[in-house]
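One structure is given here, and the rest of the page talks about it.
Derivation of every value follows stated rules applied to the coordinates shown; laboratory data play no part. Computed from a prediction, not measured in an experiment: that's the story for all the values here. Cβ sites come from the backbone with ideal geometry, for glycine too, and all protein chains shown count toward neighbours.
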Amino acid sequence: MKQEYKMKIAFVLSRDPLTSGGGVRSYIKNVSLELLKRKVKITIISPKETKNSVFEYIDIGSKPKNNIVFLLRLLIKAPFIKLASDSIICANRADFLFPFVLFHKNRLKGILIHGTQYEGVKEKGKIFDIIYSYIEKFAIKNSDFIIFVCKQSERDYKHKYPFLFKNKRSIIIPVGIDTNNFRVLNKEKCRKITKLPLNKKIIISVGRFNPEKRYDLALKSFQKVLNKNKNCLLVLVGEGPERNKIESLSKQLDVNNNLIFTGLIDHNLMPYYLNSADIFLLCSDREGSPNVIKEALACGLPIISAKVGDVSEVITKYTGVLVDKDNINMLSNAILNAIVKKWNQKYMLEKARQLTWGMMVKKMIVFYDKLLKESNITVQ
């Protein structure tokens with residue numbers, strides 16, 4: 001018997017969302033899994049890196065070296081991609097929507113904006129910036145909708161392209177959390193599982209070792225913490241191109257004896273690592289809607305974070321401390337105070353329950369349903 005769907009959504013991204021890593025991939029994976037539960041057909045237009053999947057795929061070749069390679073593949077393959085006439089196309093970058101604007105003009109199309117995507121392109125040089133800016137403007141202008149993951153992204157884009165957003169349908173749908181997996185667990189048992197010491201105050205930071213994550217700030221502020229409290233341990237979870245640089249810096253600052261690099265860990269183990277910690281630390285220069293902040297909150301962890309993305313919408317005086325970017329003294333003082341403060345864990349958990357993936361997907365379905373009705377597209 002043919003499956004009946006409430007609606008059909010095709011997500012476009014350069015990596016398989018079921019493979020580990022990446023905030024955008026994690027967002028699309030969790031949203032898609034929740035949408036499937038609500039009888040929404042999900043098609044993933046990306047390289048297929050998993051053998052067995054609950055999603056339908058339109059495979060765009062092997063893992064691309066970079067986003068430019070993926071865009072070129074899309075330009076070649078987009079004219080031949082077959083989707084139902086009532087399918088909604090949602091690309092996780094403006095340039096990835098560009099081929100569908102050219103070759104799928106009669107379908108609903110939009111962009112999922114996670115952070116300020118154009119900032120990363122600027123780092124590649126002026127020529128890339130000019131080309132991307134043109135493609136981005138063209139894609140936004142010809143899109144039917146925009147989904148932002150945080151208010152900061154919405155403000156940034158509407159400030160940059162005010163003329164493009166005057167009559168554009170847009171919505172903010174933040175990153176959600178799975179409170180079945182991310183919840184408060186016994187700290188002593190978790191430290192035995194993660195093999196972290198039982199007698200230390202543990203500060204944890206999670207993320208890819210990229211320049212914008214500012215692990216150098218984490219180490220420099222941690223050095224100041226150790227000057228006043230030797231019983232602290234900093235745990236850095238993740239991997240990336242800056243790993244060797246950060247390891248060298250830890251030796252220069254003489255904090256390596258109180259520092260653990262875990263490398264990449266299975267996402268299923270993340271709740272145990274978060275529950276092993278006393279404080280969560282985020283020092284990034286830029287973020288969209290960092291999922292791990294909300295996962296830490298669901299595990300009852302107070303959060304020390306730079307003012308980036310939507311963290312100011314999550315962190316209050318009851319859930320953590322916001323600090324200015326690049327301010328090492330503020331970071332170290334916030335950590336030292338947070339270690340001894342008695343936090344209201346009940347309030348944290350109540351806040352986390354308002355941020356589940358189920359809550360986010362309900363908003364998304366209502367938004368898409370309005371788009372379909374306004375476009376007079378009949379769901380087949």
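Taking amide H positions as modeled 1.01 Å from N, with prolines and chain starts lacking one, the residues under 5 Å from Ile88 and 5 or more places away or on another chain are Lys8, Ile9, Ala10. Taking amide H as placed 1.01 Å from N in the peptide plane, the amide H of Gly61 sits under 5 Å from that of Lys48, each at least 5 places away or on another chain.
Give me the dipole magnitude in Debye, nearest 20, for the range 126-238 about the Cα centre, with unit charges on the beta carbon: positive for Lys and Arg, negative for Asp and Glu.
600
Remark: the Cα gyration tensor places the range 40-163 in the prolate category, a/c being 1.5 or greater and a/b exceeding b/c. Considering only Val101, Val314, Val366, the Gaussian network model of the chain with Cα springs below 10 Å gives its largest mean-square fluctuation to Val366. Rounded to the nearest 500, the helix-only mean residue ellipticity at 222 nm of the chain stands at -12500 deg cm²/dmol, with each DSSP H run of n ≥ 4 adding -39,500 (n - 2.57).
Applied to the range 301-308, the Karplus parametrisation 6.51 cos²θ - 1.76 cosθ + 1.60 on θ = phi - 60° returns per-residue 3J(HN,Hα) values of 8, x, 10, 10, 9, 5, 7, 9 Hz, with x for Gly and Pro. Ordering Ile193, Val40, Leu74 by Cα displacement along the dipole of the chain toward the positive end leaves Val40 in first place; charges were set at the Cβ atoms of Lys, Arg (+1) and Asp, Glu (-1). Computed from point charges on the beta carbon alone (+1 for Lys and Arg, -1 for Asp and Glu), the dipole magnitude for the chain about its Cα centre is near 500 Debye.
Across the range 242-250, coupling constants 3J(HN,Hα) worked out from phi with the 6.51/-1.76/1.60 Karplus curve, θ = phi - 60°, read 8, 4, 4, 4, 5, 4, 5, 5, 4 Hz, and Gly and Pro carry x. Taking label points 7 Å from Cα along the Cα-to-Cβ direction, Trp343 and Phe103 give a separation of 4.8 nm. By other beta-carbon atoms within 10 Å, ranking Ser85, Ser26 with the fewest at the front produces Ser85, Ser26. Taking the fewest neighbouring Cβ atoms within 10 Å as the starting point, the ordered list for Tyr347, Tyr157 is Tyr347, Tyr157. Ranked by the mean number of other Cβ atoms within 10 Å of their residues, highest first, the peptides 350-356, 232-238, 29-35, 288-294 come out as 288-294, 232-238, 29-35, 350-356. Calculated over the range 187-353, the projected area of the Cα convex hull averaged across directions stands at 8.7 nm².
Any chance you could run the full-extension gain for Lys251 through Asp266? It's 0.36 nm times the residue separation minus the Cα-Cα distance, nm to one decimal. Walk me through the numbers on the way to the answer.
Numbers: separation 15, 0.36 × 15 = 5.40 nm, distance 2.72 nm.
Result: 2.7 nm gained on full extension.
Among Phe145, Phe163, a tally of other beta-carbon atoms within 10 Å of each Cβ gives an order, fewest to most, of Phe163, Phe145.
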